[in-house]
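Step one of this worksheet: look at the structure below.
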Amino acid sequence: MIKRPPATIGMRHVALFVDQLELCERFYVELLGMEVEWRPDSDNVYLSGGSDNLALHRAVGSPAKQGADRQERLDHIGFMLARIDHVDLWHQFLLDDGVTILTEPRSHRDGA
């Protein structure tokens, strides 16, 4: 059996593609009380309710488009690790277990 790296310390964020970015931002900020943590450009906003993060990314394409070719809503889910070197340990652990990894580990544009 493959030895599992140190456990994650929780979920950091969920990233969603949305058709109406401004409306979604208003919902999470004005109604749910989240705050804008970072707005790198007009198509992306990162919201926080404290220790979590919700990333909203403007969806590309028609919202009316239906079927198997419609863009997925979930972009990604981010987990926190206690140490940066655990990222590579987890990457190798998952590869060794046969998990398909679409991209190599990298630092997020917010420095995480």
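Bear in mind that the values in this text are calculations on the coordinates, not laboratory data. Predicted, not measured: the structure shown is a model, and the values here were computed from it.
Across the stretch 81-98, computed HN-Hα scalar couplings (Karplus, 6.51 cos²θ - 1.76 cosθ + 1.60, θ = phi - 60°) run 10, 5, 9, 4, 5, 6, 4, 5, 4, 5, 4, 5, 4, 5, 4, 4, 8, x Hz from first to last residue, x flagging Gly and Pro. At full extension, residue 43 and residue 77 could sit 10.4 nm farther apart than now, given 0.36 nm per residue minus the alpha carbon distance.
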